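Peer 1: Just dropping this structure here.
The values are calculated or read from the model by the stated rules, or taken from the named source; none is laboratory data. What you see is a predicted model; the values in this text were computed from it and never measured. Heads up, the Cβs are rebuilt from the backbone with ideal geometry, glycines too, and the neighbour counts pull from every protein chain shown. Only protein heavy atoms, including side chains, enter the accessible area calculation; ligands, DNA and RNA are left aside. Shrake-Rupley method; radii C 1.70, N 1.55, O 1.52, S 1.80 Å.
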Amino acid sequence: MKRILGFVFAALVVGLAGCSKTVDIAVTDVKVNPTDKRMYVGETFTPVATVSPENATDKVVTWISNNPAVATVNETTGLVTAVTIGEAKITATAGGRGAVCEVRVVATPVTGVALSRTTLELDVTETATLTATLTPAGATDSEKVLTWTTNAATVATVDSAGKVTAVGPGTATITATAKSGAKGECVVTVNNIPVTKITITAKNSTTAQANFNLDLVPGVAAPYRELAVVVEPTTATVKTATWKSSNTDVATVDANGKVTAVAEGTATITATSNDTPEDDDDDPESDTVVVTVRVEKVTLNKSTTSIVAGADETLTATVVLFDSAADRSVIWDTLNSDKATVDQSGKVTGVAAGTARIRVTSVEKPELTAICTVIVTAAPAP
């Protein structure tokens, strides 16, 4: 009897099992984290998709990009790769439900700028070109544009290609800056090249200036000569000089080396280099030239003299004319013939007691004259 009941129970169990049916659990929601993402060109990331409920029957997620030209996505893993600048929607779907991650791809900025030199030493007028290494290597080309600047253009300048030119002694910082603000710097030291020799020349000449004359002519603007200096070496940093006249009553000189005649005489013109010697005990380099200011004139060996009536004295005249071929002869006359006479050799003869003025005149230039005052005294009684 027990055996029969066991068979019946087993049959019932088998029968019930054959009648059971599997029930699918539907997906009710899909979420993506993050819902938006900013990416650089070449960058990758994997968003996370969450399917609800957890016991949903079909939880397989499929990924798709609406703009693979901008960003691609691996269909099964969800790995997103930024391709180029733009926007794309990355959609995750499961069980008929979906969610979107909005991706915005932007230019990859430069994060580091390393210059080929961080320090540089140049002499004045020398040049050097700096190069820059940018990181990351995959930075977008438009982000790789550099702006080159100097903080001291009187010391060193730099062009858009990184070429540095030494201008004057001192220190300057050259900076290369990317659009992102990343920058690299190089400290440039420009050395002073000292002046070892200075030579006075005529303006626009390289030949040493010899001593020279300036000829003053009455009624004509004062003559002048423009001087300059040449320094050695030609690469010397300071090429200017300070000018000075030893006698400004004779000739002046301005800051540019223009020498102007003032009156007859001589003056020494000195040009002193504005370069400061490295040794404090040394004087700056200098050069000199002598200017003689000449005046056309007639002079007498005496401006006054005394003679006795009946006696005589011969005066001597000197004629100064600029033209070496000019006639240097003179004419003598007296302005008071009743007191003294004069012949054409300059011999003055006293006539009577009193004062006479003896005049000598240039034949070549009659405007040039000189006068000697002659005091005539009476001859002693016999």
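Peer 1: Just name the residue that is farthest from Val217 (Cα to Cα) out of those in the stretch 230-265 that are open to solvent by 70 Å² or more (accessible area, probe 1.4 Å) and hydroxyl-bearing (Ser, Thr, Tyr).
Peer 2: Thr234
Peer 1: Take residues that are small (Gly, Ala, Ser) and within 58 Å of the chain's Cα centre (by Cα) and tell me which of the strands (runs of 3 or more DSSP E) falling wholly in the stretch 63-102 contain 2 or more.
Peer 2: In the stretch 63-102, the matching strands (runs of 3 or more DSSP E) lie at 86-94.
Peer 1: Tell me, yes or no, whether the stretch 51-69 has at least one residue that is modelled with pLDDT of 95 or more, surrounded by 10 or more Cβ atoms within 10 Å (Cβ to Cβ), of a type in the set (Gly, Ala, Ser) and closer than 30 Å to Gly138 by Cα.
Peer 2: So far as the stretch 51-69 goes, yes, one or more of its residues are modelled with pLDDT of 95 or more, surrounded by 10 or more Cβ atoms within 10 Å (Cβ to Cβ), of a type in the set (Gly, Ala, Ser) and closer than 30 Å to Gly138 by Cα.
Peer 1: Looking only at the stretch 228-255, filter to residues that are touching a Phe, Trp or Tyr at 6+ places or on another chain (Cβ under 8 Å) and touching a residue at least 12 places away in the same chain (Cβ under 8 Å); which one of those is farthest from Val155 (Cα to Cα)?
Peer 2: Val253
Peer 1: Give me the residue from the stretch 87-97 that is open to solvent by 20 Å² or more (accessible area, probe 1.4 Å) and not basic (Lys, Arg) and, out of that set, nearest to Thr50 (Cα to Cα).
Peer 2: Thr93
Peer 1: On to the next question. Test Thr268 against the stated conditions and say whether it is of a type in the set (Val, Ile, Thr), in contact with a strand residue (DSSP E or B) (Cβ under 8 Å, 6 or more places away or on another chain) and either within 18 Å of Thr288 (Cβ to Cβ) or buried (at least 19 other Cβ atoms within 10 Å of the Cβ) (or both).
Peer 2: For Thr268, the condition - of a type in the set (Val, Ile, Thr), in contact with a strand residue (DSSP E or B) (Cβ under 8 Å, 6 or more places away or on another chain) and either within 18 Å of Thr288 (Cβ to Cβ) or buried (at least 19 other Cβ atoms within 10 Å of the Cβ) (or both) - is met.
Peer 1: Still on this structure, I have one more. Only residues that are open to solvent by 50 Å² or more (accessible area, probe 1.4 Å) and not hydroxyl-bearing (Ser, Thr, Tyr): list them for the stretch 108-117, please.
Peer 2: Ala114, Arg117, listed by residue number.
Peer 1: Also, quick follow-up: Mind checking which residues of the stretch 269-301 are under 27 Å from Val217 (Cβ atoms), at pLDDT below 95 and not in a strand (DSSP E or B)?
Peer 2: Hit for the stretch 269-301 is Glu296, nothing else.
Peer 1: Further, regarding this structure: Can you pull out every residue in the stretch 331-347 that is of a type outside the set (S, T, N, Q), touching a Ser or Thr at 6+ places or on another chain (Cβ under 7 Å) and either part of a strand (DSSP E or B) or farther than 16 Å from Ser303 by Cα (or both)?
Peer 2: Passing the criteria: Ile331, Lys339, Ala340, Val342, Lys347.
Peer 1: Across the stretch 318-339, what is the number of residues that are free of Cβ contacts under 8 Å to residues at least 24 places away in the same chain and among the aliphatic types (A, V, I, L, M)?
Peer 2: 1
Peer 1: Of the residues Thr189, Thr207, Thr175, Thr201, which is open to solvent by 30 Å² or more (accessible area, probe 1.4 Å) and free of Cβ contacts under 8 Å to residues at least 60 places away in the same chain?
Peer 2: Only one candidate qualifies: Thr207.
Peer 1: Can you pull out every residue in the stretch 370-382 that is at pLDDT 95 or above and either more than 12 Å from Thr305 (Cα to Cα) or surrounded by fewer than 17 Cβ atoms within 10 Å (Cβ to Cβ) (or both)?
Peer 2: Scanning the stretch 370-382 gives Ala370, Ile371, Thr373, Ile375, Thr377.
Peer 1: From the list Gly78, Gly15, which residue is open to solvent by less than 60 Å² (accessible area, probe 1.4 Å), modelled with pLDDT of 95 or more and farther than 30 Å from Ala178 by Cβ?
Peer 2: Result: Gly78 is the single residue among Gly78, Gly15 that is open to solvent by less than 60 Å² (accessible area, probe 1.4 Å), modelled with pLDDT of 95 or more and farther than 30 Å from Ala178 by Cβ.
Peer 1: Here's a follow-up. For the stretch 106-120, what are the residues that are part of a strand (DSSP E or B) and modelled with pLDDT of 95 or more?
Peer 2: Gly112, Val113, Ala114, Leu115, Thr119, Leu120
Peer 1: Of the residues Thr237, Thr165, which is outside any loop (DSSP other than H, G, I, E, B) and hydroxyl-bearing (Ser, Thr, Tyr)?
Peer 2: On inspection, the qualifying residue turns out to be Thr165.
Peer 1: Please identify the pairs in which a residue from the stretch 72-95 that is on the phi < 0 side of the Ramachandran plot has its Cβ atom under 8 Å from the Cβ atom of a residue that is aromatic (Phe, Trp, Tyr) and surrounded by fewer than 18 Cβ atoms within 10 Å (Cβ to Cβ), counting only partners at least 6 apart or on another chain.
Peer 2: Close Cβ pairs satisfying both conditions: Leu79/Phe45; Val80/Phe45; Ala82/Tyr40.
Peer 1: For the stretch 98-108, which residues satisfy the criterion of being of a type outside the set (D, E, K, R) and more than 26 Å from Pro53 (Cβ to Cβ)?
Peer 2: Val103, Val105, Val106, Ala107, Thr108
Results for (1) small (Gly, Ala, Ser); (2) more than 30 Å from Asn191 (Cα to Cα); (3) open to solvent by 50 Å² or more (accessible area, probe 1.4 Å), shown as yes or no for each residue.
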position	(1), (2), (3)
Ala99	yes, yes, no
Val106	no, yes, no
Thr119	no, no, yes
Leu130	no, no, no
Leu146	no, no, no
